[in-house]
1. At most 14 other Cβ atoms within 10 Å and a DSSP loop assignment: could you name the trypsin sites (Lys or Arg not before Pro) in the range 55-134 that fit?
2. Any chance you could get the radius of gyration and Dmax over the Cα atoms of the range 71-175, in Å?
3. Given a 1.4 angstrom probe, I'd like the percentage of the accessible area of the chain that is carbon and sulfur, rounded to a whole number.
4. Hey, in the GNM for the chain with a 10 angstrom Cα cutoff, which one of ALA38, ALA23, ALA11 fluctuates hardest?
5. Count the net charge of all other residues whose Cβ sits under 12 Å from the Cβ of ALA123, scoring Lys and Arg as +1 and Asp and Glu as -1.
6. What residues qualify as long-range amide H neighbours of GLN70, i.e. H under 5 Å apart, gap of 5 or more or another chain, H built at 1.01 Å from N?
7. Volume per residue, Å³, of the convex hull around the alpha-carbon atoms of the range 1-140?
8. Under the Karplus relation 6.51 cos²θ - 1.76 cosθ + 1.60, θ = phi - 60°, what is the ordered set of whole-Hz ³J(HN,Hα) values for the range 102-110, x standing for Gly and Pro?
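The values are calculated or read from the model by the stated rules, or taken from the named source; none is laboratory data. Bear in mind the structure is a predicted one, so any value in this text is a computation, not a measurement. Cβ coordinates were reconstructed from backbone atoms using ideal geometry, including for glycine residues, and neighbour counts include every protein chain displayed. For accessibility, only protein heavy atoms count, side chains too; no ligands or nucleic acids. Shrake-Rupley method; radii C 1.70, N 1.55, O 1.52, S 1.80 Å.
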Amino acid sequence: MALIAEYRTTARPDRGIVEIYDADAYEADREAAVGARAEVVAGNGYHVYLHTLQPDLGVEVAIRVWDGPQDPPRGAEGHTGISLESETGDLVVNQLTLGPAGVTRLPRPGVYVSHTWWTGRQAAADYYDQNIRGGAQQPMTIEEIGRAREQSPVAEQYALDLWFLRECEPEDDEG
């Protein structure tokens, strides 16, 4: 399968959550966000929530569009299938209270299917617990916490490998 488009950004999870959604899908979905805490990745068709095990280290988010189904790589720690509808063709990677980490344009609006996979999730949580949350022998200053964040040797990554499924259903204009 051929790669059509790729976008990467780094996002800081807020309460362990990074959100991806169509630019016009403003309403968050609490149920899907709670589902991500149990399943790592969950969505409602317009929003996708990624759940990290740590609340503060930046995670890499990759959104890749392929010309057909793409299997997760062998080194993935886990994966799940999702669908995502984008009526605008613009996807936002959001950091909840910090705001958008980035926006990318899909090749065309529509419904996409994805194998979403991740690596480095547990290792990032272990690093955070040992070096920031409580592993330090004495309380850390803000500067020391910042350095520990920046010096993390772990790369936590989430990837949405998307492929186009179909056009969006027309909206019902009854009102």
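1. When the trypsin sites (Lys or Arg not before Pro) of the range 55-134 are filtered for loop state and at most 14 Cβ neighbours within 10 Å, ARG74 remain.
2. According to the Cα coordinates of the range 71-175, Rg and Dmax are 19.1, 63 Å.
3. 47
4. ALA38
5. On the way: positive: ARG121; negative: GLU77, ASP126, ASP129, GLU156.
Counting the neighbours of ALA123, the net charge comes to -3.
6. Amide H neighbours of GLN70: HIS115.
7. Numbers: hull volume 14.7 nm³, N = 140.
Value for the range 1-140: 105 Å³ per residue.
8. Working through the residues one at a time gives x, 9, 9, 9, 6, x, 6, x, x Hz.
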